[in-house]
Amino acid sequence: MFEEQASSEITQILQDWNDGNEDAKERLLPFVYDELKRQARILMLRERSNHTLQPTALVHEAFLRLAEKSGLDWKNRRHFYGIAARLMRQILVDHARLHAAEKRGANPIHFSVDDLQIPVEQRAESILILNEVLERLAEFDEQQARIVEMRFFGGMNNGEIAESLNISERTVGREWQAAKLWLYRELNRG
């Protein structure tokens, strides 16, 4: 009951944001903070242990960037969380680029596509490669790219992804399988 009420409240605040109500952004943060922090923690588990960003800083940076964006038409809370996950991914990619620029000449990168696990010592470089491959996948199939992004960077399950994209869980499962095959081929070209 409480979760349903909070979900309804979040949707209303997002609608207020759409309508140009500036204080909606401030009202939204207490409702979404815990979920954003959960997503950030999941993302940070995949990062190197000496990463300079902490989950709290990642959430704050992402929320600040979201608040600065104009022209977003929020549909519901899942749409918001999906965009936030994409933005947190981009923040981590930016940090990985900086880290990789400092450390050139790394070993070859290896991925496990089944669960997209990346060895700790290769994370900064791997995130950059995964980002590039995801951008190519988006050119080929935008929906599959969003599913990979929400699953890997957003820590979302099939049900949450289905709700966010307004498709069935079975479709998410099929698209995830197809995306994994495509990613495997792309990552193992040589």
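The values are calculated or read from the model by the stated rules, or taken from the named source; none is laboratory data. Note that the structure is predicted; figures quoted are calculated from it, not measured. As a convention, Cβ positions derive from the backbone with ideal geometry for all residues, glycine included, and neighbour counts pool all protein chains shown.
Observations
- Contacts under 6 angstrom Cβ, first residue in region 9-38 being in a helix (DSSP H, G or I), partner surrounded by 14 or more Cβ atoms within 10 Å (Cβ to Cβ) and of a type in the set (S, T, N, Q), 6 or more apart: Thr11/Asn76
- Every residue from region 155-190 that is more than 18 Å from Gln39 (Cβ to Cβ) and either in contact with a Lys or Arg (Cβ under 6 Å, 6 or more places away or on another chain) or not in a helix (DSSP H, G or I) (or both): Asn166, Ile167, Ser168, Asn188, Arg189, Gly190
- Filtered residues of region 43-56 (kept if at pLDDT below 85 and over 14 Å from the mean Cα position of the chain (by Cα)): Arg48, Ser49, Asn50, His51, Thr52, Leu53, Gln54
- Residue list for region 138-150, filter: buried (at least 21 other Cβ atoms within 10 Å of the Cβ) and within 20 Å of Leu92 (Cβ to Cβ): Ala145, Arg146, Ile147, Val148, Glu149, Met150
- Residue that is surrounded by the most Cβ atoms within 10 Å (Cβ to Cβ) [pool: residues in region 1-42 that are over 21 Å from Ala62 (Cβ atoms) and at pLDDT below 90]: Ser8
- Filter pass, Glu68 being under 18 Å from Val32 (Cβ atoms), surrounded by fewer than 16 Cβ atoms within 10 Å (Cβ to Cβ) and at pLDDT below 85: yes
- Within region 120-165, being modelled with pLDDT of 85 or more and of a type in the set (Ser, Thr, Tyr) holds for one residue alone: Ser164.
- For Gly155, the conditions (1) of a type in the set (Gly, Ala, Ser); (2) surrounded by fewer than 22 Cβ atoms within 10 Å (Cβ to Cβ); (3) in contact with a His (Cβ under 7 Å, 6 or more places away or on another chain) are fulfilled apart from (3).
- In region 71-89, the residues that are modelled with pLDDT under 85 and among the hydrophobic types (A, V, I, L, M, F, W, C): Leu72
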